[in-house]
Structure formats: C-alpha cells, structure tokens
Amino acid sequence: MFVMNKPDRDRVVFHSIHDMLSGHYLSKAELLLNSEIANDLDDINDILELYNISLFFENGMYLKSWSDTDIVAYKEKVNTFKNLIRKFITNIDDSNFQSYFENIDYGYYDSFWLLINNYQQYKKISPSQIEEVLNNSPHQVRHLLSHKNLVDKYKLVLCEFLKSDQQSAEILLSIYEVENSFNKTKLYLPSCLTIQDKERIIVSYIDSEHCNTNYLPIIQNAKKHSDFRISDKTKLAAKRKYQQSVKEFFDSGSSSSFKYGVAISYPENASKIKHAWIEQGTVHYEFSLDYIKENNHPYILYRNFGTLFEYVDEQNIVALTSKENQLGVLERTLGVRSKTEYVYGIAFTQLEMASMGQIYTYSNVLKGLGYSLEDILKAVFTNTLPELFDLPSNANFTIPTQNASALEKIRTIAPEFESILKQYKLFVENGHIDFELLQMSSGPTAIKVIPSLNSNKYIYINKDDQGVNFLTYLLFSDQTLLTYVDPFKDKQYRNFVDLLVNEEEINFGNYEEHQHEHLNYLIDNNYISVDENNCVQVTNWNRILILRDVFENDVASLHHYPADIQDEVMHMSNDGIVFFGSSLFAIPEQNYFNYYLNKSEFTNGHDLRNSYLHGTQANPTEIHLHENSYLLYLKLLILVIFKIEDDLFIYKKLKAEEE
C-alpha cells in the first residue's frame with residue numbers, strides 16, 4: 001500500500017470550507033485516493049488523515065481537474081474509510097489510550113477528540129486518563145471543553161483543573177465576554193464549577209504574574225450573566241492593575257507608539273472656507289472667521305456643524321461613527337476585545353478629537369461674536385424647524401444659564417436632551433406633542449425605538465447572506481487579490497472597485513489563473529463582463545456605487561438618491577442584497593449614541609445617562625471631566641437636531657412629490 005507514515009506538515013488536514021489551502025490538501029489527498037489502503041492500519045495519524053480526507057467529500061469539495069468519473073470513484077473509496085475509522089477508534093480504551101495520544105500529530109487533536117466524542121468512546125476511557133493528559137498537556141483543555149459529552153463525563157477532573165490552571169481565567173472570559181472572530185467553537189464548562197469558583201479564578205488571575213493586561217479592561221467592564229458575575233470589588237482591582245501597568249509602561253520609556261492629534265484655528269482673510277492637512281501626525285483644521293462673521297443667521301451658524309465641521313455627510317447621516325471599513329488590518333485582528341464592546345480604531349479616535357475640539361473652539365468663537373451656541377440650538381429647534389418643516393410650534397427646549405458650572409449645565413441639559421427625543425417620538429406617533437402625555441413617562445427613551453416619519457428610510461447590506469458577504473469582499477475588501485494585476489500593481493488601489501473606477505483598460509488576460517475563479521463569480525452574477533477587447537467592464541454601475549456607499553458607511557439613505565438609483569435599490573432589495581430600516585437614527589448612529597449614553601449596549605461606553613440622570617457622576621471638583629461631558633452632550637444634541645431636521649425634510653419632500 002501507499003506509505004502513510006509522514007511528518008505532520010505533509011499530512012492532509014481539513015480546516016474549513018473557506019480554507020484557501022484546500023486545493024493544496026486535496027492534491028495530497030489525491031495521492032492517497034489513487035493508492036491501496038491497508039485494512040490493518042496501526043498509526044493513529046493514518047486514521048485521522050483518512051477522516052480529514054472524508055471531510056472534504058462530505059462538504060462537496062473536489063479538485064477542478066477531477067472528472068465526474070473520478071469523483072464517483074473517489075467517493076466510493078472514501079466511503080470505505082468509515083469502517084476503518086470506526087474499527088480503530090472503538091478499540092481505544094484505558095490500555096492503549098496514552099500510547100495513541102502521545103503520538104498524535106499537532107494538527108489532528110481536534111479530529112481525535114471529535115471522534116472520541118462521536119463514537120462515545122469516552123465510556124471506555126477513565127477520568128484518570130484525562131487527568132494525566134491535562135497534567136502533561138494543559139493546552140488540551142480547550143479541545144475537551146469543545147464537546148459537551150466529554151465535559152459531562154469528566155466534569156470533576158475538568159473542574160479541579162480549571163480551578164488551578166493559569167489559562168482558566170482567559171477561558172472563562174472567552175466564553176462570556178471576549179469577541180473571537182477566528183475561532184467560533186463553542187466551549188462548555190463543567191456544571192460543578194460554581195459562580196464563586198469562577199470569580200476566584202478571575203481574582204487569582206488578576207493577582208498573578210501571568211496576567212495578560214489586555215484582559216483587565218474586559219474584566220472591569222464585564223456584564224452580569226446568570227452563571228458568571230464579577231463583583232465590583234474585583235472589577236476595581238482589574239481597573240487599578242490596568243492603570244498601574246499603563247503607568248509603568250510609559251514611565252519605563254519603552255513606548256514607541258504613534259502620536260497623533262488635532263489643531264484647530266479660525267484665521268481671518270483665509271483663502272478657503274475650510275482647509276485641512278496632516279503634519280507629523282497632527283491633523284490641522286482651518287475655518288474662515290470671515291465666513292462665520294458674514295453668515296451669522298442662527299440657522300446658518302447651526303448648519304456650520306454640517307458644512308464646516310462635517311458632523312453629518314451629504315445624506316445627513318452622522319459622519320462621526322466608527323466604521324468597520326476604517327479599521328486597519330491590525331486593528332481588526334490584533335488584541336483582545338469584548339463581545340459587547342464598541343469597536344473603533346485610530347480613525348474614529350481622530351474624528352472624536354476633532355469634533356470635540358471643533359465644538360469647544362467654535363463655541364468660544366461664537367461667544368466672541370456675541371452669540372451663545374445654546375441659544376442658537378434653542379432657536380433652531382423651537383423656531384426654525386416649526387417654520388420650515390412643520391414641527392409643532394409647542395416644541396420646547398430649556399437651556400442652562402451661561403454662568404452656571406459645567407455640572408449644573410449638565411443637570412439642565414441631560415433631561416432636556418431626553419425631552420427632545422420624547423417630543424419627537426410623540427409627534428411621529430400622534431401628529432402633535434402632548435406634554436402631559438410626555439410627563440407620564442419619567443425614564444429615558446431607547447434610541448432605537450424613536451420612529452421616523454418615513455418608510456424605507458435606511459439601506460443596509462444583508463450580512464446574513466453569505467453570498468452577499470462574499471460579493472462585498474470581492475468588490476470592497478482591502479484583502480482581495482483582484483487589484484493585483486498588471487500594469488496597475490504599483491498603484492496599490494484599496495479595493496477592486498477603486499481599480500474599476502480609476503482604470504479603463506483592465507485586461508482579463510493579465511490576471512493569473514488563480515484569480516479567475518473570483519472574476520468568474522462576478523461575471524456569473526452580472527457585476528462585470530469582458531468586452532470584445534478582453535477588458536473588464538462594469539455591468540451595472542448604479543448597483544456597484546450603491547453597494548459602495550452602504551459598505552463604506554454601514555448604511556445609506558434611500559430618499560437622498562435620485563429616482564433611478566432608488567429604483568435600483570428596490571431591485572437589490574428584491575434580490576435579497578439589501579434590506580430597509582425605518583427609524584430616526586440609522587443602526588450605526590444608534591450604536592454611536594449608545595456608546596456615549598449607556599453601558600447596557602456597550603461595556604466600554606461612557607454611560608452619560610447613568611452618570612448624570614442617576615447621580616453617579618464624577619466628583620464635583622473634577623471640573624475638567626464635567627466640562628468634557630457637557631461638550632459631549634452638546635455634540636449629541638446637535639446631532640439629534642440634524643437627524644430630526646433631515647426626517648422632517650424628507651417627509652416634506654415626499655409629500656410635495658405626491659401632490
């Protein structure tokens with residue numbers, strides 16, 4: 001028979017149906033499939049290799065070079081593997097378990113435990129055998145925890161192991177808190193591990209020299225679960241240790257982090273209304289003071305947050321949100337992150353620094369010109385919006401006094417912020433604002449439940465469809481290989497659509513053979529075609545550009561598109577590529593507001609609502625913290641008014657089109 005005893009690196013391993021090396025492994029499998037397989041294999045790795053080969057066939061994965069006849073013949077041969085695998089695995093017991101286990105190749109541990117589980121062979125393997133495995137190879141615990149039957153069978157051994165092993169805290173956090181984009185395997189815990197045991201494991205981890213400081217913020221912000229709860233005392237210990245580790249890191253002088261910042265100025269006699277540039281990591285913003293002075297109507301001064309500072313984009317969608325496509329490769333993949341964390345990177349942080357700096361400096365500029373930002377916002381909400389867009393004339397907004405402290409100002413504006421949200425909700429639901437009805441509810445209103453006057457307002461990509469996800473990957477991912485084609489390789493386009501937008505003569509023949517599969521997928525799905533000159537052409541530009549809008553911003557606004565684009569969006573909805581949502585705030589905007597207002601949604605949130613509506617704010621003497629929180633509230637208030645104005649504008653436009 002064919003010699004199967006090979007080094008680990010030469011064996012066939014099935015990782016997943018998405019594995020880019022599947023063709024490589026299938027080529028290796030072909031050699032075995034064309035060979036005679038003995039019926040008395042005694043190397044466990046040979047058995048596990050046969051099992052991995054069978055997984056390719058179970059998932060319908062074959063080499064393109066195989067004919068239909070080849071596939072039928074190979075399937076018949078693979079079917080014979082089942083008896084060989086069953087015969088071998090069902091003979092494993094206490095007498096031979098350790099000798100077999102010690103010889104398993106590294107890449108086959110998952111397969112081994114899966115087969116032990118599936119054939120219920122754990123019934124013939126005593127707990128003492130598992131205890132020995134864990135003593136000699138502690139990393140095997142994750143493989144064991146992947147199978148509920150094994151956890152139930154060996155719960156006492158696993159429980160004692162988890163109480164004492166240094167990796168146990170990270171296992172607990174990976175189950176309850178940590179977002180893991182790569183390994184979706186569900187882990188189970190032994191029922192005998194109590195809530196108290198789990199907290200003791202966490203406390204011991206915080207105190208240990210093996211503690212990974214990246215996990216400390218996750219412990220600090222951990223949510224309460226029915227079977228996993230971390231006390232405030234333990235959370236505080238994690239917070240203090242993390243703060244100490246950060247201080248020690250910077251005090252040691254070992255930091256080589258990239259420094260960035262913002263600088264904002266308002267020059268007179270500026271050549272441009274607004275101008276921005278980057279210099280040594282600092283983004284410089286210049287805004288024309290003359291333009292602000294000359295255009296001093298309260299409504300225009302308010303609109304400067306859009307026209308000058310770009311708090312919202314051309315579709316009046318909040319432009320400050322964290323966007324998935326703005327995360328760099330390292331930001332997406334490195335580090336430890338909570339499942340319930342608001343994910344952001346450097347781009348978001350710079351935008352936040354800029355927006356906070358802009359509202360602070362602009363407020364001072366307005367004061368110098370004799371205006372109050374708070375007065376401007378009140379005038380827009382209570383006068384301009386009723387005049388221009390039929391918001392009820394009794395819309396109300398109380399502003400804090402100018403000489404009040406930052407904390408006193410927040411205590412005024414925080415409930416007023418909630419009132420504005422409730423007022424608009426009542427208006428959409430009832431056609432008017434009934435303040436007596438508004439006062440019947442004392443609690444804050446969830447951002448996501450505030451309705452819109454308009455149906456099909458927002459467009460979202462259907463990420464539940466794997467075909468759609470693959471399509472957007474090919475078109476927009478910075479990891480796709482479709483941009484790598486002569487003679488454009490040196491231009492380093494961000495994604496395939498950028499290449500299509502900027503280059504007219506992309507020759508299909510210049511692509512390598514391994515790239516054709518993805519190109520053919522786009523051709524088969526009518527996104528691109530190849531013309532008579534063998535050049536790649538876009539089949540439907542409207543569809544491509546709609547997808548780009550939604551991909552880059554995580555959302556788009558239907559009613560801000562012209563009629564022909566809206567028609568294409570409807571076709572895309574019928575095809576299951578996109579879907580609609582109707583609320584005042586788009587989902588990315590809801591997430592942005594919740595990041596600042598609550599911790600119920602995101603564990604790393606600022607929790608402004610709880611801090612100032614419920615009286616758990618920072619010490620009154622920490623003036624700078626309250627000043628920053630007040631500016632945050634002002635910024636969120638400005639964004640709310642922009643969103644209300646946009647909703648009213650769309651509604652008025654659609655009504656005019658119907659008449």
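The values are calculated or read from the model by the stated rules, or taken from the named source; none is laboratory data. Worth saying up front: this structure is predicted, and the values here are computed from it rather than measured. No Cβ is skipped: glycine too gets one built from the backbone with ideal geometry, and neighbour counts run over all protein chains shown. SASA here: full protein model, heavy atoms, side chains in, ligands and nucleic acids out. Shrake-Rupley method; radii C 1.70, N 1.55, O 1.52, S 1.80 Å.
Values computed for the structure shown
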quantity: Stokes-Einstein D for the chain, Kirkwood Rh over Cα pairs, 4 °C, 1.567 mPa s (µm²/s); calculated: 43 µm²/s
quantity: Three principal axis lengths of the range 348-476 [C-alpha, angstrom, descending]; calculated: 58, 40, 30
quantity: Ratio Rg/Rh [Cα only; Rh per Kirkwood] for the range 195-309; calculated: 1.29
quantity: Within the accessible area of the chain (1.4 Å probe), percent carbon and sulfur; calculated: 48 percent
quantity: Heavy-atom accessible area per residue - the chain, 1.4 Å, Å²; calculated: 50 Å²
quantity: Cα-centred dipole magnitude for the chain, charges only on beta-carbon of K, R (+1) and D, E (-1), debye, nearest 20; calculated: 2360 debye
quantity: Cα-Cα over 19 Å, subset of LYS223/LYS635; LYS124/LYS153; LYS82/LYS148; LYS272/LYS293; calculated: LYS223/LYS635; LYS82/LYS148
quantity: Per DSSP, loop trypsin sites (Lys or Arg not before Pro) in the range 264-334 with at most 14 further Cβ within 10 Å; calculated: LYS272
quantity: Computed Rg/Rh of the range 549-639, alpha carbon atoms with Kirkwood Rh; calculated: 1.16
quantity: For the range 457-568, the spread of Cα positions along each principal axis, largest first, Å; calculated: 42, 27, 26
quantity: Mean Kyte hydropathy of -0.5 or more with a Cα span along the axis of at least 24 Å, helices from DSSP in the chain; calculated: 68-89, 346-368, 406-430, 623-658
quantity: Relative packing of peptides 61-68, 21-28 - highest average C-beta neighbours within 10 Å first; calculated: 21-28, 61-68
quantity: Accessible-area order (highest first, 1.4 angstrom probe) of the listed residues HIS626, HIS571, HIS225; calculated: HIS571, HIS225, HIS626
quantity: The range 538-659 - charge dipole about Cα centre, Lys and Arg +1 at Cβ, Asp and Glu -1, debye rounded to 20; calculated: 340 debye
quantity: The range 1-122 - Kirkwood radius from inverse mean 1/r over Cα pairs (Å); calculated: 14.9 Å
quantity: Positive-end extreme of charge dipole, the chain - chosen from ASN469, THR69, THR185 (charges on Cβ); calculated: THR185
quantity: Signed unit charges on C-beta, dipole axis of the chain, positive-most listed residue GLY107, ASN295, LEU385; calculated: LEU385
quantity: Computed P(r) (all Cα pairs; the range 453-502; 10 Å bins; percent); calculated: 23, 38, 23, 12, 3, 0
quantity: Distance cut-off 17 Å, percentage of C-alpha pairs in the range 528-582 lying past it; calculated: 41 percent
quantity: Highest-first arrangement of 606-612, 99-105, 461-467, where packing means the average Cβ count within 10 Å; calculated: 606-612, 99-105, 461-467
quantity: Directionally averaged projected area (convex hull, Cα atoms, the range 119-248), nm²; calculated: 8.6 nm²
